[in-house]
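A short worksheet on the structure shown next.
The values are calculated or read from the model by the stated rules, or taken from the named source; none is laboratory data. Keep in mind that what you see is a predicted model, and the values were worked out from it rather than measured. Note that each Cβ is placed from the backbone with ideal geometry, even for glycine, and that neighbours are counted across all protein chains shown. The area values use the complete protein model at the heavy-atom level, side chains included, leaving out ligands, DNA and RNA. Shrake-Rupley method; radii C 1.70, N 1.55, O 1.52, S 1.80 Å.
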Amino acid sequence: MQISRETLLRSYRAMRTIRAFEERLHREFATGEIPGFVHLYCGEEASAVGVCANLTEQDTIASTHRGHGHCIAKGVDVGGMMAEIYGRKTGVCRGKGGSMHIADLSKGMLGANGIVGGGPPLICGAALSHKVLKDNGVAVAFYGDGASNEGTTLESLNLATVWHLPAVFVVEDNGYGEATGASYACAGTQKDRAAGFGMPYMECDGSDFFAVHDAARDAIDHARSGKGPVMLHVHLQRWYGHFEGDAMSYRAPNEVADAKKDHDCLESFRERAGQEKLLDLSALDEIDAAVADEIESAVQAAKQAPWPEEADLMADVYVKI
Amino acid sequence: MSKKSFRQAINEALRQEMRRDPTVVLMGEDVAGGQGGSSGVKDAWGGVLGVTKGLLTEFGESRVLDTPISEASYIGAAAGAAATGLRPVAELMFVDFVGCCLDQIMNQAAKFRYMFGGKARTPLVIRAMYGAGFNAAAQHSQALYPLFTHIPGLKVVVPSSPYEAKGLLIEAIRDDDPVIFLENKVMYDDIEEVPDEAYTIPFGEANLTREGDDVTIVAIGRMVGMANEAADRLAKQGISCTVLDPRTTFPLDEQTILECVEDTGRLVIVDESSPRCNMACDISALVAEQAFGALKAPIRRVVPPHTPVPFSTPLENLYMPNADKIEAAVKAVMMQKTREVA
Ligand SMILES: Cc1ncc(C[n+]2csc(CCOP(=O)(O)OP(=O)(O)O)c2C)c(N)n1
Ligand SMILES: [Mg+2]
């Protein structure tokens, strides 16, 4: 099925925004101005965007410690995200959460997560809400190859199947959990794991937006139409260290350079859009320029934004005491 | 004797015990790192903050085991191995992740000996980082020692310096009960003189880092350094403090705490953990019950507020106890109108 021009433009813009956001963070982090842990999503943009292009605002996603891409793809405000990462009062979480806890429930974004494997159980709950409230929504858990070994994840695959939930489990397999290779840490295959729970399985190349989009469309349609949960296995490459500051001695010296050369979702998108005359490349150039401006203003605004105040410390522990 | 960092002191303790006792094994996420990586480099990380670096090279893969990200299974495996002949040191990385494996600690390892009528020994050590001050936010900053202290069967160690860390970790490894060993993540680069040879520091014996006449400050882990800093400043203002580091929250050296309070008549407790049911509460109850007559002023607790740890720097600074807050608390108990003590 043809992807609409509007979806293509929106998706390209989202992927470019993620790339520019992350590359800017990489530079800003090196100056020492950004506090805490930062995990970059560069190289993996097409996964978040290809999946979220098939979701509506009322659908729910749960993300990971590497969450900026999922947030942007689900429509969380970029300026608010940047301010959050800088710890400012204007941040989407008022400076309380930081990079690893960006969330916006009004956008169906149930949070990045500092706990590996934290998301899949939550997504079973979100899927249950969609099912009981009959709002036709689906819930999507993004989680890494590393997180696929958490008991919470494996239990969730079972629970979602037992409860026949409208849930999609997106394994973002970049081959590493921190400094440990998936070939060491993951026994068997994701495919066999899905089969073990009687769950339909799909896989795709995560550097190809079109491949992710189409696989995700089938997976999400399946879940939305009441046929139960699905696993979508996305093959990815991570372009930076596990977190900022990781020297990556566990990776072959050429691995990242090759990934950037051969698996760049933005390049392959432009190539295909040009070849198949789907879009005018000048429209994409305009998007690039607009995104560069947007990120620049987000950073400037974040740096100038006010810090949280003393009264904020005690606020929002409970709804009511 | 030479100067060593907190990180080096822990590494040395592990290395010396692994040399001495072939049943000591290490496990955890990226305790070596590099398994299955495309460069073939082994020991790529040596722990997320480099604490276990080099141990894989010396002891090999059968004794230094990288684990999948599966805390429930490998922490449980460490408990099972401990009950059946090994002496595992399992690393939980951040203590906050105990949420993923609490059953294996709380319902399994801690209870074997009692439930089995004294027939089990579980010489298990679980090492984990704790503490705020790193902008690591709510899920990577907690100081959960009260949670473990609450569970009968566990011993809980919170070292306050490199010297303390080495001696207490060796003691923990040689101990036959499950021990939770908590390392403050802000302290890894702290440096002091640490003996080269192996030595132990017994559990349940508090360390008096200074002795004074006016106020007893009980401080835990990283708070000990802050308490001494405050005590230095207070000394210049004519207030003399005893600073007491319990070293272990279980067993707790109740006797030394009570003796110090008997001497000074005033007590300030500094505890980085959430304020409800924490060590400051526990020690307050001890003193209220057993040294009430000696107290010239109400006990003061310097603790964080009852909130998750916030991310943003100004909020995290407000959240954390520090030397200024300790100094103010000590002055406040000194200002308090002295109660007539019989
Ligand atoms: C329960 C828990 N265990 C361990 C960690 C530390 N940790 C953070 S990210 C990570 C690796 C996750 O790997 P993967 O799921 O593949 O995601 P990726 O980083 O590759 O995106 C680990 C071990 C954590 N945050 N939570
Ligand atoms: Mg991964």
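Summary table
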read-out	value
Some residue of segment A:211-221 being touching a residue at least 60 places away in the same chain (Cβ under 8 Å) and either within 16 Å of ligand 2 (Cβ to nearest atom) or under 16 Å from A:Glu150 (Cα atoms) (or both)	no
Top-ranked residue of segment A:187-196 - restricted to ones that are open to solvent by 20 Å² or more (accessible area, probe 1.4 Å) and within 16 Å of ligand 2 (Cβ to nearest atom), ranked as nearest to A:Gly43 (Cα to Cα)	A:Thr189
Helices (runs of 4 or more DSSP H) lying entirely in segment B:201-316 (those with 3 or more residues that are at pLDDT below 95)	none
Residue list for segment A:17-58, filter: acidic (Asp, Glu), in contact with a helix residue (DSSP H, G or I) (Cβ under 8 Å, 6 or more places away or on another chain) and either in contact (Cβ under 8 Å) with a residue 60 or more places away in the chain or closer than 28 Å to A:Lys261 by Cβ (or both)	A:Glu22, A:Glu28, A:Glu33, A:Glu44, A:Glu45
Failed criterion for A:Arg251 (all others in (1) outside any helix (DSSP H, G or I); (2) modelled with pLDDT of 95 or more; (3) within 14 Å of chain B (Cβ to nearest Cβ); (4) away from ligand 1 (no atom under 16 Å from the Cβ) hold)	(4)
Counted residues, segment B:49-66 - those being more than 14 Å from every other protein chain (Cβ to nearest Cβ), within 16 Å of B:Pro88 (Cβ to Cβ) and over 23 Å from the mean Cα position of the chain (by Cα)	4
Tally, over segment A:124-151, of residues that are within 14 Å of chain B (Cβ to nearest Cβ) and within 16 Å of ligand 2 (Cβ to nearest atom)	8
Residue, nearest to A:Thr189 (Cα to Cα), within segment A:122-159, restricted to residues that are surrounded by fewer than 18 Cβ atoms within 10 Å (Cβ to Cβ), within 16 Å of ligand 1 (Cβ to nearest atom) and not small (Gly, Ala, Ser)	A:Leu154
Some residue of segment A:268-290 being part of a loop (DSSP other than H, G, I, E, B) and open to solvent by less than 10 Å² (accessible area, probe 1.4 Å)	no
Residue list for segment A:92-111, restricted to those being closer than 17 Å to A:Phe21 by Cβ, at the interface with another protein chain (Cβ under 10 Å from one of its Cβ atoms) and touching a residue at least 40 places away in the same chain (Cβ under 8 Å)	A:Gly98, A:Ser99, A:Met100
A:Thr180 vs. criteria within 16 Å of ligand 1 (Cβ to nearest atom), of a type in the set (Val, Ile, Thr), at pLDDT 95 or above and surrounded by 23 or more Cβ atoms within 10 Å (Cβ to Cβ)	yes
